[in-house]
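Undergrad: Just passing along the structure, written as structure tokens.
The values are calculated or read from the model by the stated rules, or taken from the named source; none is laboratory data. Because the structure is a prediction, the values reported are computed rather than measured. All Cβ positions, even for glycine, are placed from backbone atoms using ideal geometry, and neighbour counts span all protein chains on display.
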Amino acid sequence: MKNTEKKSGLAIHTTSPELGLAISNFAENTRFKTWNLGRDLSTHLHQKLQEFLPPQTWQDLNFIAVAKGPGSFTGTRIGVVTARTLAQQLNIPLFAISTLATVAWSYKQKSHNLSLQMPAQRNQLFTAIYQVEEMGINPLLEDTLMNPTTWKKILENRENSYQLIEVENGLGKSVVSLLELAHLEWQKGNRTHWSEALPFYGKNPFNN
């Protein structure tokens with residue numbers, strides 16, 4: 001008799017030059033690994049997936065999670081497209097989760113109220129404010145692209161105090177938080193279709 005509790009989830013994090021992969025059956029077996037691939041991410045992603053997956057197989061997966069951005073335009077697009085393709089072929093749910101939310105979740109033992117900022121192009125910032133709860137992340141300010149002056153005013157006008165997190169490159173290690181957040185959504189009964197997984201770029205990079 002097949003034990004459905006042994007089914008696994010796979011997380012793919014490509015929004016920075018550091019690729020992160022994680023897999024778990026949410027019992028006794030959790031693995032993750034990171035590679036600093038830089039511009040070679042698109043060339044090596046599929047090879048790394050094939051090497052990382054065993055001893056699990058594609059048929060062992062209940063769902064896939066992917067970091068949807070903000071972050072590198074090219075890296076984010078590659079990760080989301082790869083995850084969508086896999087989820088479609090395997091006919092399993094795909095959870096697309098904010099890069100900033102995964103970082104916030106990694107601080108869950110340190111603070112419950114977090115404001116996060118990450119450098120973007122043209123001296124802009126990717127920003128968000130999250131309340132970290134037992135069963136996930138509650139966005140008090142959704143991921144937004146804004147200038148530093150506006151962001152500073154928002155923080156100054158907030159009644160409550162939030163720990164400020166300055167997010168840098170090397171985000172692959174937060175792939176474990178990505179997988180944990182996706183598993184929480186799975187436990188809640190959410191089954192997001194792969195077609196709903198869309199990247200977040202903040203704005204179209206081809207617009208002036």
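Undergrad: Within segment 13-39, track down each residue that is in contact with a Leu (Cβ under 8 Å, 6 or more places away or on another chain) and either among the hydrophobic types (A, V, I, L, M, F, W, C) or part of a loop (DSSP other than H, G, I, E, B) (or both).
TA: 14, 15, 16, 17, 19, 21, 22, 23, 32, 35, 37
Undergrad: Next question, about the same structure. Identify the residue in segment 40-54 that is part of a helix (DSSP H, G or I) and in contact (Cβ under 8 Å) with a residue 12 or more places away in the chain and, among all such residues, is farthest from residue 28 (Cα to Cα).
TA: Filtering first and then ranking leaves 42.
Undergrad: Counting just the residues of segment 112-171 that are aromatic (Phe, Trp, Tyr) and assigned to a strand (DSSP E or B), which one comes out surrounded by the fewest Cβ atoms within 10 Å (Cβ to Cβ)?
TA: 126
Undergrad: Going by what's in this entry, would residue 204 be described as closer than 20 Å to residue 15 by Cβ and modelled with pLDDT under 95?
TA: yes
Undergrad: Here's something else I'd like to know. Looking at 167, 132, can you tell me which residue is touching a Lys or Arg at 6+ places or on another chain (Cβ under 7 Å) and under 17 Å from residue 105 (Cβ atoms)?
TA: The conditions single out 132.
Undergrad: Could you list, in sequence order, the residues of segment 55-76 that are part of a helix (DSSP H, G or I) and out of contact with any Ser or Thr (no Cβ under 9 Å at 6 or more places or on another chain)?
TA: Across segment 55-76, the qualifying residues are 58, 59, 73.
Undergrad: Return a yes/no flag: does segment 38-57 have any residue that is aromatic (Phe, Trp, Tyr) and under 30 Å from residue 142 (Cα atoms).
TA: no
Undergrad: Residue 16: more than 16 Å from residue 168 (Cα to Cα) and either surrounded by fewer than 18 Cβ atoms within 10 Å (Cβ to Cβ) or of a type outside the set (Phe, Trp, Tyr) (or both), yes or no?
TA: Against the criterion (more than 16 Å from residue 168 (Cα to Cα) and either surrounded by fewer than 18 Cβ atoms within 10 Å (Cβ to Cβ) or of a type outside the set (Phe, Trp, Tyr) (or both)), residue 16 does not qualify.
Undergrad: Quickly run through segment 154-193 and pick out the residues that are among the aromatic types (Phe, Trp, Tyr) and modelled with pLDDT under 90.
TA: Scanning segment 154-193 gives a single hit, 162.
Undergrad: Separate question: Among residues belonging to segment 77-96 that are assigned to a helix (DSSP H, G or I) and of a type in the set (Val, Ile, Thr), point out the one that is farthest from residue 128 (Cα to Cα).
TA: It comes out as 85.
Undergrad: Within segment 84-102, work out how many residues are within 21 Å of residue 19 (Cβ to Cβ) and crowded, with 22+ Cβ neighbours inside 10 Å.
TA: Counting residues in segment 84-102 that are within 21 Å of residue 19 (Cβ to Cβ) and crowded, with 22+ Cβ neighbours inside 10 Å gives 10.
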